[in-house]
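Below is one structure, written out as C-alpha cells; the observations come after it.
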Amino acid sequence: MSSLKKNHLDEQYVARRSVRDLPGTIANLSERLSNLTTDHTTAAGHASDPITIGGRAYPGEDIPEILGGKLDALPKNVRETTRIPLGNYRGLKFGLVLHSQFPPDVYLEGAITRQSTLSREHQGPRAVLNAVERLANAYGSECDRVRQDLAIAESQLRDYRERLGKPFLHDTYLAELTSLRDRLKAGLSGSMPEPGNETGPSASELAEKIKALKAAHTIEATPQRVRQKHSSAEELVTARIRRRTEAVHAADPAIQPDTAALGAGAALPPELAQNSSTKPQITFQERIAMERQRKDQEPCRS
C-alpha cells in the first residue's frame, strides 16, 4: 500500500512538471513547423532558379569553379566562429560557418536556418553544393518529423492534464484500515477505554473487521524487480574450487581407480572399501590418496 501511495505521488509530480513545461515545448515546435513550411514552399517555388554567388547568376557548369575561387579566398584559421554568406540557392541564402577547432558548417537560411557539417577530408565546392542540395531536399521529411513530435507533445499534455489532481484511489480504504489497526493495537495493549466509550468493539471484533475490509478490497501488488544472476566472482571460493576439481577429474580419467588395472590381488583396504560403498561420489583428494596407497602396497606384495 505504501508503494502504491508513493507511485501516486511520483505520478502527480511528473504531471505537474509536464503541464508546466510542455506548453513551451509545443510553442517552439509549432513555430519551427511554421518556419519549415514557409521555407519548403519557397524552395519548391524557386526550384528552377539559377544559383547565384556574390549576387550574380552563373551557368550551372561554371558554378563549381566560381565557388571554388570563393572558398580559396576564405581564411584557413579563425579565432572565433565566423559566418560567411556565399550566395542564393532556390530562393534561400546559403554560406559557411567557420569554427576555430571544428570543420565548417554549410547553412541554408530562410525563415529558419538549418546547417550541415562538412567532413575534414572534403570541403571543396562540390561538397558545399551537395550539402546545400541535401538541406533543400530535406524540408519535407523535416516537416513530417516536427509535425509528429508536435502531435506527441500535445497528446502528452492532454494526458497529464487529465491525471493532474486525481486523488489516490485507496485513500478511504487506507484511512479506514489505519483507524481499525490503531484501535486494535490500543485494545491489545490493555489501555483503559475513555469515559463514555466503554461499549466499543472488542479486539476480536476489530480483527474480524480488518479481515473483512482487506477481503473486500483487492489491490494489485507492485511489480518486483527481476533479480540479476550473480556473477562467478560473487560465488563462494569453495564452490568454485569444487567445480573446477570435478571438471579436471572428468577431463583426466587416468587418475580414476580401475578395478581391472588393480588386479585380483590388489583389493582396496577395508576402510576405503566401506567408504566407497557408503559414499558413491568421493572427492578428488580421496582418489589421489587411494592411488598412492595402491602404489605403496605393490612393492610389498612383489
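Across the stretch 108-121, the qualifying residues are those that are part of a strand (DSSP E or B) and in contact (Cβ under 8 Å) with a residue 24 or more places away in the chain, and the one among them that is nearest to A131 (Cα to Cα) is L108. Among the residues of the stretch 90-104, those that are in contact with a strand residue (DSSP E or B) (Cβ under 7 Å, 6 or more places away or on another chain) and not small (G, A, S) comprise L92, K93, F94, L96, V97, L98, P103, P104. Residues in the stretch 91-107 include at least one that is crowded, with 16+ Cβ neighbours inside 10 Å, without any contact (Cβ under 8 Å) to a residue 24 or more places away in the chain, part of a strand (DSSP E or B) and not acidic (D, E). Within this structure, L29 passes the test of being farther than 14 Å from G110 by Cβ, within 34 Å of the chain's Cα centre (by Cα) and in contact (Cβ under 8 Å) with a residue 12 or more places away in the chain. Within the set R145, R126, the sole residue that is in a helix (DSSP H, G or I), assigned by TED's automatic domain parsing to the domain that holds N7 and more than 30 Å from N7 (Cβ to Cβ) turns out to be R145.
Within the set P50, P75, the sole residue that is surrounded by 14 or more Cβ atoms within 10 Å (Cβ to Cβ) and in a loop (DSSP other than H, G, I, E, B) turns out to be P50. If the condition is being more than 11 Å from P64 (Cβ to Cβ) and among the aliphatic types (A, V, I, L, M), then the stretch 125-142 contributes A131, V132, L135, A136, A138.
The values are calculated or read from the model by the stated rules, or taken from the named source; none is laboratory data. Every value quoted in this text rests on a predicted model; they were computed, and no experiment measured them. Don't worry about glycine lacking a Cβ; one is built from the backbone with ideal geometry, like all the others, and counts go over all protein chains shown.
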